[in-house]
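First up is the structure itself, then whatever we jot down about it.
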């Protein structure tokens, strides 16, 4: 990752498996030094589905993340039980939350609030991305010719980070 988040730096991880099950991505979302949301897909986080659980266990132990997010209604649903058996209770968004995450991600990009490094799997996913209807809104279409797992994982990680920030903001509960 661009900067190694320590326990005091809030970080969320999104995990996604490609439609063809050849690849899996784990993307970190955290605040950059400039206050933007930074997404990071280091090379070791772009792996095979069989190695994702072990990677997430190591990340959980090292970073104590705000959340590890997996879409249970996708190819990634096969991660839920192994993660649970490893002691990780993943955040499992509903279809409505996946659609909201997609919209929030697009809004963040449009307002210039997102940063990322040039990382080939993520860049390729962004360039080939298409949208599909989901829960009355839109989401990424995983069935395009280029692996979309990096973009899906990034979207979920950003959603978890931003929602945690909204919920944990002390001013959010002032009456």
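The values are calculated or read from the model by the stated rules, or taken from the named source; none is laboratory data. As the structure is a prediction and not an experimental result, all values here were calculated from the model. Ideal geometry is used to build each Cβ from the backbone, glycine not excepted, and the neighbour counts take in all protein chains shown.
As a summary of the residue check, residue 157 satisfies the conditions (1) within 21 Å of residue 18 (Cβ to Cβ); (2) modelled with pLDDT of 95 or more; (3) buried (at least 19 other Cβ atoms within 10 Å of the Cβ); (4) in contact with a helix residue (DSSP H, G or I) (Cβ under 9 Å, 6 or more places away or on another chain) except for the one numbered (4). For the stretch 83-175, the strands (runs of 3 or more DSSP E) that sit wholly inside it and include 3 or more residues that are farther than 19 Å from residue 49 by Cβ and more than 15 Å from the chain's Cα centre (by Cα) are 131-134. In the set (1) modelled with pLDDT of 95 or more; (2) surrounded by 12 or more Cβ atoms within 10 Å (Cβ to Cβ), residue 42 fails one condition alone, (1). Only one of the numbered conditions (1) over 24 Å from residue 62 (Cβ atoms); (2) surrounded by 19 or more Cβ atoms within 10 Å (Cβ to Cβ); (3) modelled with pLDDT under 95 is violated by residue 119, and that is (1). The numbered conditions (1) part of a strand (DSSP E or B); (2) surrounded by 15 or more Cβ atoms within 10 Å (Cβ to Cβ) are all true for residue 79 except (1). Among residues belonging to the stretch 4-39 that are surrounded by 13 or more Cβ atoms within 10 Å (Cβ to Cβ) and part of a loop (DSSP other than H, G, I, E, B), point out the one that is modelled with the lowest pLDDT. Filtering the stretch 4-39 for residues that are surrounded by 13 or more Cβ atoms within 10 Å (Cβ to Cβ) and part of a loop (DSSP other than H, G, I, E, B), the one modelled with the lowest pLDDT comes out as 5.
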